[in-house]
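K.L.:
Before anything else, here's the structure in question.
The values are calculated or read from the model by the stated rules, or taken from the named source; none is laboratory data. No experiment lies behind these values; they were computed from the predicted model shown. Counting neighbours? That spans all protein chains shown, and the Cβs are built from the backbone with ideal geometry, glycine included.
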Amino acid sequence: MVRKPNIAFARNLYQAYCIRCKSLCRELHMPQTAFDILMFLANNPDYNTAKDIVDLRGIKANLVSVNVDRLVREGYLDRSDYPGDRRKTILVCTPKAQSIITRGQELQESFFQDIFQDVDEASRENFHRVMEQVDRNLSRIMKGNE
C-alpha cells in the first residue's frame, strides 16, 4: 500500500517559513510578499519576470505588481527591457538589495537546517533524490496534458 503524504505538509512548511521570516520582515519594514519576491529573484536569476514569479512562486499577479512597484520605488529592484518582447520587463536586484538578500539567504539556510534537524545525511540525500524523481514525474504528467 502506498502511504499518502500528509495533506497539510506543504501548508505547514510555508507557514513555518513565514513565521521564521516575520521578525526580519518587520525589522526591514517589508511585507512578506515583497521579501518573497526579492528572494525568488535573487535565488533564481534565470526567472526574472513578473510572469515567472506568478507562475513559479504562485503569488497572485496583482500582489506581484504592487510589491514589484514598491521594491522598485524603494530602490531594491530595477526594471529593464526584455530583448525581443516589448511587453515583458526583466526584474533585477540592485546593490541596495544585497544586504537583505544575504540576510534572507542566511535565514533560509538556517530554516532548512532546522527542518532537517535529527535527519541523518543518508536520509537527507534520499529525500532529495526522491523529490527530484517526483519532480520529473510531475513534469512528465504535465507535458502529457498539454
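K.L.:
Can you confirm whether Glu109 is part of a helix (DSSP H, G or I) and closer than 23 Å to Met131 by Cβ?
P.N.:
Yes; evaluated as a whole, the condition is true for this residue.
K.L.:
Counting only residues that are assigned to a loop (DSSP other than H, G, I, E, B), at pLDDT 95 or above and either farther than 20 Å from Phe112 by Cα or outside the structural domain of Gly104 (by TED's automatic domain parsing) (or both), how many does region 4-44 have?
P.N.:
Looking only at that region, the number is 3.
K.L.:
Hey, Tyr82 hits all of (1) at pLDDT below 95; (2) in contact with a helix residue (DSSP H, G or I) (Cβ under 7 Å, 6 or more places away or on another chain) but one; which does it fall short on?
P.N.:
(2)
K.L.:
Moving to a separate point now. Part of a helix (DSSP H, G or I), surrounded by 10 or more Cβ atoms within 10 Å (Cβ to Cβ) and of a type in the set (A, V, I, L, M), is that true of Ala97?
P.N.:
Against the criterion (part of a helix (DSSP H, G or I), surrounded by 10 or more Cβ atoms within 10 Å (Cβ to Cβ) and of a type in the set (A, V, I, L, M)), Ala97 qualifies.
K.L.:
Being farther than 24 Å from Phe112 by Cα and surrounded by 11 or more Cβ atoms within 10 Å (Cβ to Cβ) narrows it down to one residue among Ser80, Ser65; which is it?
P.N.:
Ser65
K.L.:
Restricting attention to region 54-82, which residues are among the aliphatic types (A, V, I, L, M) and in a strand (DSSP E or B)?
P.N.:
Leu77
K.L.:
Here is a further query. Please go through (1) part of a loop (DSSP other than H, G, I, E, B); (2) in the same structural domain as Ser99 (by TED's automatic domain parsing); (3) modelled with pLDDT under 95 for Met1 and return the number of the only condition it doesn't satisfy.
P.N.:
(2)
K.L.:
Assess whether Asp135 counts as being closer than 27 Å to Asn12 by Cα and outside the structural domain of Tyr14 (by TED's automatic domain parsing).
P.N.:
Considered against the rule, which asks whether it is closer than 27 Å to Asn12 by Cα and outside the structural domain of Tyr14 (by TED's automatic domain parsing), Asp135 comes out as yes.
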